[in-house]
Amino acid sequence: AQKVTQAQTEISVVEKEDVTLDCVYETRDTTYYLFWYKQPPSGELVFLIRRNSFDEQNEISGRYSWNFQKSTSSFNFTITASQVVDSAVYFCALSGMGGANSKLTFGKGITLSVRP
Amino acid sequence: DTGVSQDPRHKITKRGQNVTFRCDPISEHNRLYWYRQTLGQGPEFLTYFQNEAQLEKSRLLSDRFSAERPKGSFSTLEIQRTEQGDSAMYLCASRGTGGKETQYFGPGTRLLVL
């Protein structure tokens, strides 16, 4: 069985602060994908990033960066210099590779509030 | 590409009524997924199609739920004899193949059962 744990439920920061969202996962699969999605108040899930289990290279995209550590089964997400528009619920998700294992297992989400 | 679309966006119904939701995936995406999201929770998998074949169903999908994808394009999710516990956001996602493993989500249908 697959499991994603997002231990933080709500985080509140002041604009321009850096913030890290934690994600820990469990899976018996040897190959898998990890994802982060953003859900703004409008409700639509917006894809942010996908990582393959065999690629532990960290990734940076603008103010966003992701730290994947297989040894600790973690896939953390950092927003640098946060902005009010970053306020949303952020979900970490896991799927296997291959059609039969392709469904996403989500964590419970982290509500991020960025105050001006 | 246009994104995934869902219709209706909101539905209010009385307990015991039947409801049907529609999802139009990104064109040429052969895989389509349904998820349900309740307040304060992450989305939970309901069912999955590859083309017109329904390949997996969650135990969450009781006998009152049925999903179809008759021509491998759009999909419908029907809930019969709705219960208050069915109130949730129903999300549809689609993805392609051959390195295109990311699921893209529609805006969801928010169901309220009174």
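The values are calculated or read from the model by the stated rules, or taken from the named source; none is laboratory data. These numbers come from a predicted model, not from an experiment. Virtual Cβ from ideal backbone geometry, glycine too; neighbours counted across all protein chains shown. With ligands, DNA and RNA removed, areas are computed over all heavy atoms of the protein, side chains included. Shrake-Rupley method; radii C 1.70, N 1.55, O 1.52, S 1.80 Å.
Looking at region B:19-33, which of its residues are among the hydroxyl-bearing types (Ser, Thr, Tyr), part of a strand (DSSP E or B) and over 8 Å from the mean Cα position of the chain (by Cα)? Steps first, please.
Looking only at region B:19-33, we keep the residues that are among the hydroxyl-bearing types (Ser, Thr, Tyr), and these are B:20, B:27, B:33.
Now restrict to residues that are part of a strand (DSSP E or B): B:20, B:33.
B:Thr20 - this is the single residue of region B:19-33 that is among the hydroxyl-bearing types (Ser, Thr, Tyr), part of a strand (DSSP E or B) and over 8 Å from the mean Cα position of the chain (by Cα).
Collect the residues in region B:87-101 that are surrounded by 17 or more Cβ atoms within 10 Å (Cβ to Cβ) and facing chain A (nearest Cβ under 10 Å), keeping them in residue-number order.
B:Met89, B:Leu91, B:Ala93, B:Arg95, B:Glu101
I want to confirm something. Restricting to region A:45-74 and keeping residues that are among the hydroxyl-bearing types (Ser, Thr, Tyr) and assigned to a strand (DSSP E or B), which single residue is farthest from B:Tyr104 (Cα to Cα)? It would help to see each step written out before you state the result.
Step one: of region A:45-74, the residues among the hydroxyl-bearing types (Ser, Thr, Tyr) are A:53, A:61, A:64-65, A:71-74.
Within this subset, residues satisfying the condition of being assigned to a strand (DSSP E or B) are A:61, A:64-65, A:74.
On the way: A:Ser61: 19, A:Tyr64: 20, A:Ser65: 21, A:Ser74: 23 Å.
Once the filter is applied, the top-ranked residue is A:Ser74.
Taking the condition part of a strand (DSSP E or B), of a type outside the set (D, E, K, R) and modelled with pLDDT under 95, does A:Ile11 pass? It would help to see each step written out before you state the result.
Values: part of a strand (DSSP E or B): yes; of a type outside the set (D, E, K, R): yes; modelled with pLDDT under 95: no.
When the stated conditions are applied, A:Ile11 does not pass them.
When region B:80-95 is examined, which residues are found to be touching a Lys or Arg at 6+ places or on another chain (Cβ under 9 Å) and either in a strand (DSSP E or B) or small (Gly, Ala, Ser) (or both)? Step through it out loud before you land on a result.
Of region B:80-95, the ones touching a Lys or Arg at 6+ places or on another chain (Cβ under 9 Å) are B:80-84, B:86-95.
If the condition is that a residue be touching a Lys or Arg at 6+ places or on another chain (Cβ under 9 Å) and either in a strand (DSSP E or B) or small (Gly, Ala, Ser) (or both), then B:Ser87, B:Ala88, B:Met89, B:Tyr90, B:Leu91, B:Cys92, B:Ala93, B:Ser94, B:Arg95 are the ones that fit.
Of these, A:Ser95, A:Ser102, which one is surrounded by 14 or more Cβ atoms within 10 Å (Cβ to Cβ), without any contact (Cβ under 8 Å) to a residue 12 or more places away in the chain and not charged (D, E, K, R)? So that I can check it myself, show each step before the final result.
Numbers: A:Ser95 fails: without any contact (Cβ under 8 Å) to a residue 12 or more places away in the chain.
Criteria check complete, one pass: A:Ser102.
Count, please, the residues in region A:23-44 that happen to be part of a loop (DSSP other than H, G, I, E, B), more than 14 Å from chain B (Cβ to nearest Cβ) and open to solvent by 60 Å² or more (accessible area, probe 1.4 Å). Give the steps one after another, and end with the answer.
In the first step, residues of region A:23-44 are kept if they are part of a loop (DSSP other than H, G, I, E, B); the result is A:23, A:27-31, A:40-44.
Okay, now just the ones that are also more than 14 Å from chain B (Cβ to nearest Cβ), so A:27-28, A:30.
Checking which are open to solvent by 60 Å² or more (accessible area, probe 1.4 Å) leaves us with A:28, A:30.
Going through region A:23-44 one residue at a time, the tally reaches 2.
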